[in-house]
Structure formats: structure tokens, C-alpha cells
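Read-outs throughout are calculated quantities, based only on the coordinates presented, and are distinct from any laboratory measurement. All of these numbers come straight from a predicted model, not from anything done at the bench. Counting neighbours? That spans all protein chains shown, and the Cβs are built from the backbone with ideal geometry, glycine included.
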Amino acid sequence: MKTGGCGPPKAWRAVASPPPASFQSSPPSSGGSSPPGSRLTYDAEGWLTDKLLILMNYGAEATPAVPVLIETLGNHNRQIIGKAAQVLARIGPAASAAVPALRAASLKFDLADTLTARARNQDSTRT
């Protein structure tokens with residue numbers, strides 16, 4: 001993905017750098033979903049999601065971001081984990097170091113457990 005002979009911007013650096021200080025605010029009281037003590041706040045998760053979307057366009061050229069993407073697979077937010085996995089898939093074989101972290105992330109989210117929990121919640125609201 002070369003542009004004008006200058007090469008692509010180093011988008012992966014944006015993911016490796018911390019979010020600006022202005023993004024360290026608490027989640028909004030009207031529906032923020034970050035658990036207490038979470039490393040990333042509501043705004044920082046949006047910032048990280050944006051960076052992951054940018055990285056999806058770079059394919060193998062995003063290889064330098066693999067260590068940060070592996071760390072991102074440990075996030076509590078399923079959408080962020082999914083986007084990080086998509087970026088790793090687009091990087092391809094150069095992201096093979098992420099395979100153990102991808103396996104661990106997939107084990108955290110068992111669909112059967114999720115569906116069972118939803119069914120329990122629906123039953124408890126009916127009574």
C-alpha cells in the first residue's frame with residue numbers, strides 16, 4: 001500500500017502510543033460500560049477501536065504492531081478483541097506469534113455460556 005513513493009504512514013505507531021490525556025476521563029454516567037479498575041476508560045476504548053480500524057488497511061505492513069495487538073487480545077471488551085483479531089488475520093503469517101493469545105481470547109468467550117446467561121437474565125426479569 002505505497003503512496004507516492006513515500007510509503008505508508010506508520011499507523012501502527014498510533015496504536016503503540018497511549019491515548020491523549022484528554023481521553024483518560026471516566027465513562028459517562030448514562031451508560032458507560034467499563035468496569036471499575038479497568039485499564040482502559042470508555043473514551044480510550046473508542047480511541048483504540050479507531051486505531052484498530054486504521055490498522056486493518058495495512059495488512060502485512062502492520063507487522064510492527066503485533067506485540068501491541070497481542071496485548072490488546074487481553075482486553076475485556078469483545079469488540080476490541082474482535083477487531084484486534086481481524087487486524088492480526090490481515091497481517092497474515094507475520095502475526096503467527098499471536099496464535100496462543102488468540103486461542104486464549106477465544107476460550108474466554110464461550111457462546112454457550114453467553115446464551116445461557118442471557119436466558120437466565122430473561123427468566124429473572126419475567127418473574
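Working from label points 7 Å from Cα in the Cα-to-Cβ sense, the Thr125 to Gln86 distance is 2.7 nm. In this label model, Arg118 and Arg103 are separated by 2.8 nm, measuring between points 7 Å along each Cα→Cβ vector. Full extension of the chain segment joining His76 with Asp50 gains 7.7 nm, where the gain is 0.36 nm per residue of separation less the Cα-Cα distance.
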